[in-house]
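Only one structure is covered here, and it is reproduced in the block below.
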Amino acid sequence: MNDTNPQIEEQLDKLASICCEQLKGDSPRTLPEDSTVDDLLRALLMSGYARRSDKTLQVDIEHRVKDLCRDPAMHRGGALSSMTEQLQSKFDELKSWESRQPDDKSPPKAANISSAGNA
């Protein structure tokens, strides 16, 4: 993991901790509904994580969760996969949203009436 920085490491560790907490509890296979996860994913994106090509977010988080809380991760592997899949999906969505140009879907428009015609 020599292509990361301290910010990326911290964000990945926090996401892994959130997954561990969910696995230890009796909660369903979902992530918390607060903005913490989205904020961490956005911070990861802004820290340059998307430029890494060696692993996916899902794989990185699963490895960290298995290191952090081995027993719950082993006994609730399906729940772990479900959560990390959700994280990957949210991250991909954010990455796509952030990389889209403002005018990707709409043609340029005139700034005002006088520039719209041949006046």
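The values are calculated or read from the model by the stated rules, or taken from the named source; none is laboratory data. Everything quoted here is computed from the prediction, not taken from an experiment. Every residue, glycine among them, receives a Cβ derived from its backbone with ideal geometry; neighbour counts consider all protein chains shown.
Does D71 meet the test of being surrounded by 13 or more Cβ atoms within 10 Å (Cβ to Cβ) and without any contact (Cβ under 8 Å) to a residue 40 or more places away in the chain? Please lay out each step first, then the result.
Values: surrounded by 13 or more Cβ atoms within 10 Å (Cβ to Cβ): no; without any contact (Cβ under 8 Å) to a residue 40 or more places away in the chain: yes.
No; evaluated as a whole, the condition is false for this residue.
Determine if segment 29-42 includes at least one residue that is more than 12 Å from L87 (Cβ to Cβ), among the small types (G, A, S) and in contact with a helix residue (DSSP H, G or I) (Cβ under 8 Å, 6 or more places away or on another chain).
Checked segment 29-42: no residue is more than 12 Å from L87 (Cβ to Cβ), among the small types (G, A, S) and in contact with a helix residue (DSSP H, G or I) (Cβ under 8 Å, 6 or more places away or on another chain).
From (1) modelled with pLDDT under 95; (2) buried (at least 16 other Cβ atoms within 10 Å of the Cβ), pick out the condition that doesn't hold for E98.
So E98 meets the others, but not (2).
Surrounded by fewer than 16 Cβ atoms within 10 Å (Cβ to Cβ) and under 24 Å from S96 (Cα atoms), is that true of D38?
Details: surrounded by fewer than 16 Cβ atoms within 10 Å (Cβ to Cβ): yes; under 24 Å from S96 (Cα atoms): yes.
Judged against the criteria, D38 is a match.
Inspect segment 55-75 for any residue being touching a Phe, Trp or Tyr at 6+ places or on another chain (Cβ under 9 Å) and of a type in the set (D, E) and give the result as yes or no.
Within segment 55-75, one or more residues are touching a Phe, Trp or Tyr at 6+ places or on another chain (Cβ under 9 Å) and of a type in the set (D, E).
Consider segment 56-68. How many of its residues are surrounded by 19 or more Cβ atoms within 10 Å (Cβ to Cβ) and either of a type in the set (K, R) or closer than 15 Å to E21 by Cβ (or both)?
3
Considering S82, S53, which residue is in a helix (DSSP H, G or I), out of contact with any Leu (no Cβ under 9 Å at 6 or more places or on another chain) and either crowded, with 16+ Cβ neighbours inside 10 Å or hydroxyl-bearing (S, T, Y) (or both)? Outline the logic, then answer.
Working: S53 fails: in a helix (DSSP H, G or I).
Just a single option satisfies the conditions, and that option is S82.
Would segment 61-78 turn up any residue that is in a helix (DSSP H, G or I), under 12 Å from the mean Cα position of the chain (by Cα) and at pLDDT 95 or above? Working first, answer last.
Here is the first cut: in segment 61-78, the ones in a helix (DSSP H, G or I) are 61-68, 70-75, 77-78.
Cutting the leftovers down to under 12 Å from the mean Cα position of the chain (by Cα) gives us 61.
From what is left, the residues that are at pLDDT 95 or above are 61.
Yes, there is a match, as at least one residue in segment 61-78 is in a helix (DSSP H, G or I), under 12 Å from the mean Cα position of the chain (by Cα) and at pLDDT 95 or above.
Considering only residues that are basic (K, R), more than 26 Å from H75 (Cβ to Cβ) and modelled with pLDDT under 90, which ones fall in segment 16-57?
In the first step, residues of segment 16-57 are kept if they are basic (K, R); the result is 24, 29, 42, 51-52, 55.
Restricting the remaining residues to those that are more than 26 Å from H75 (Cβ to Cβ) gives 42, 51-52.
Within segment 16-57, R51, R52 qualify.
Any residue in segment 11-25 that is free of Cβ contacts under 8 Å to residues at least 24 places away in the same chain and under 11 Å from L68 (Cβ atoms) sitting within a Cβ distance under 9 Å of a residue that is aliphatic (A, V, I, L, M) and part of a loop (DSSP other than H, G, I, E, B)? List the pairs, counting only those 6 or more apart or interchain.
From residues that are free of Cβ contacts under 8 Å to residues at least 24 places away in the same chain and under 11 Å from L68 (Cβ atoms), the pairs are I18/L31.
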